[in-house]
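Below is one structure, written out as structure tokens, with a few remarks after it.
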Number of protein chains: 2
Amino acid sequence: MPLSRERVLRAAVSVADSGGIESLTMRRLAEHLGAEAMSLYYHVTNKEDVLDGVVDLIATEINEVVERIDVPADGADWKKAVRQRILSAREVLLRHRWAPGVFETRTNTSPAVLRYYDALLGMMLAGGFSYDLAHHAMHALGSRALGFTQELFDPSGGGGATDQAADLAEMAGQFPHLVGMLTEIAHDDPDSTLGWCDDQTEFEFGLDLILDGLDRARERA
Amino acid sequence: MPLSRERVLRAAVSVADSGGIESLTMRRLAEHLGAEAMSLYYHVTNKEDVLDGVVDLIATEINEVVERIDVPADGADWKKAVRQRILSAREVLLRHRWAPGVFETRTNTSPAVLRYYDALLGMMLAGGFSYDLAHHAMHALGSRALGFTQELFDPSGGGGATDQAADLAEMAGQFPHLVGMLTEIAHDDPDSTLGWCDDQTEFEFGLDLILDGLDRARERA
DNA sequence: TTGTACGACTTACAGCGTAAGAACGGCCGA
DNA sequence: TCGGCCGTTCTTACGCTGTAAGTCGTACAA
């Protein structure tokens, strides 16, 4: 089977899936395809192009999933439709946990991502949004529209379960509120899913907060 | 003046400020300090450590700024205090535009970031939040708490002003809603500030949406 | 049969992070 | 005054990265 851009990109996703994004080098990618590194350059202009293509591939996978969801004909319940769409997108990203980081580094916009946003926008417009409010909505959602958020610190991160109590006590002087919160929350569910400490419950809480806010803004308009 | 961890980290910020984060290599950093690359390793364990330190330095700069803001004594108007704090943090990041990307790659949490979040949390608790709701709030804010968001596609990105109209017309078939929106919005203010198309107005819209939502959740509790 | 274009390969290079150890300089006990 | 020590810096070198340049085999058109 000859090389092709398609095959190269699919292999790239496969390599990243199995070894993480830092294991995706041109040489390893070639090896995975039974070829030499430089051979890839005939089908791909450089590594940036590979990453662009990979993002497009993942976004395409997302589109395939979300486009199977049947959308309410009247568009009245936009919130439910948007919510379902976003949570479905998230499921795809959960299968490629390295992907959010790559999405964030892209500066060229993938057509598939555009397509995704376009459909999302369409739902809001159908639900009664003005262009202006829909525009704000897109920015307010940001990466959450595609199903992920990036946390800047991970309360449950680092250290085993036993150390954790000791660590907390030690930090209490410096960070009293954080320690108080973490102690009460006992937020030690290990099924943190995407990014760092971005679990499903928290994601949905934030998502609903925004969607509800947008709905209220729409009603006021 | 001898090398020191402090001096190395400050130089790292300076290099990134002037040449972007991709220009920050150990060799260039050393050159900037009038030393050899390997000399840095006496003061710093490796490049990851440099990046950790840089994040801590920026977060410290943020803390210095936000801690000068006088906080309402009673904590009743938590929303105003939190809002002001976050927008001030944003101003610091606007002086180091490469920084958000570095923040997102860190897996070890900087003490200064913890300190920042701790104080933010304190404001919410003083404002009547339960630990549980405050916890949700932290996740809902995510990186926005520190003053930035990362957009996944940039509507105003790429192409000169003249090309843009032509591009839009060309894309209208594929992305009708996006094109419709962009046409109406004429969202061509060039003072996009942080990340890609993350301008001040949009940031504040999203921030207020979340803060208002949190306030309502607090009232209901 | 010969030219031409495609597609894969070989070789090579500069730049990266950093391991290992040598060399320097200043202080301290003899 | 003289070692010796030790904190700090430098030299050298290695493996890895992305990729520029050029070579080679094959398939097909003339």
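The values are calculated or read from the model by the stated rules, or taken from the named source; none is laboratory data. Owing to the predicted nature of the structure, the values given are computational and were not obtained by experimental measurement. Cβ: placed from backbone, ideal geometry, glycine included. Neighbour counts: every protein chain shown. All accessible areas refer to the heavy atoms of the entire protein, side chains included, with ligands and DNA or RNA removed. Shrake-Rupley method; radii C 1.70, N 1.55, O 1.52, S 1.80 Å.
Of all the criteria given as (1) away from DNA strand D (no atom under 16 Å from the Cβ); (2) under 30 Å from residue A:98 (Cα atoms), the one not satisfied by residue B:53 is (1). For residue B:23, the test of being farther than 28 Å from residue B:115 by Cβ, away from chain A (no Cβ under 14 Å) and either at pLDDT 95 or above or away from DNA strand D (no atom under 13 Å from the Cβ) (or both) is passed. Look through the stretch A:31-49, keep the residues that are open to solvent by 70 Å² or more (accessible area, probe 1.4 Å), under 24 Å from residue A:107 (Cβ atoms) and in a loop (DSSP other than H, G, I, E, B), and return whichever of them is farthest from DNA strand C (Cβ to nearest atom). The residue in question is A:45.
Residues of the stretch A:1-20 that are within 13 Å of DNA strand D (Cβ to nearest atom), of a type in the set (Gly, Ala, Ser) and touching a residue at least 12 places away in the same chain (Cβ under 8 Å): A:12, A:16, A:20. Of the residues that make up the stretch A:88-95, is at least one closer than 30 Å to residue A:212 by Cα, in contact with a Pro (Cβ under 8 Å, 6 or more places away or on another chain) and open to solvent by less than 70 Å² (accessible area, probe 1.4 Å)? Scanning the stretch A:88-95, I find at least one residue that is closer than 30 Å to residue A:212 by Cα, in contact with a Pro (Cβ under 8 Å, 6 or more places away or on another chain) and open to solvent by less than 70 Å² (accessible area, probe 1.4 Å), so the answer is yes. Inspect the stretch B:52-64 for any residue being of a type in the set (A, V, I, L, M, F, W, C) and more than 15 Å from the chain's Cα centre (by Cα) and give the result as yes or no. No: the stretch B:52-64 contains no residue that is of a type in the set (A, V, I, L, M, F, W, C) and more than 15 Å from the chain's Cα centre (by Cα). Residue A:66 meets the conditions (1) under 27 Å from residue B:104 (Cα atoms); (2) more than 14 Å from every other protein chain (Cβ to nearest Cβ); (3) surrounded by 15 or more Cβ atoms within 10 Å (Cβ to Cβ) in every case but one. The failed one is (1).
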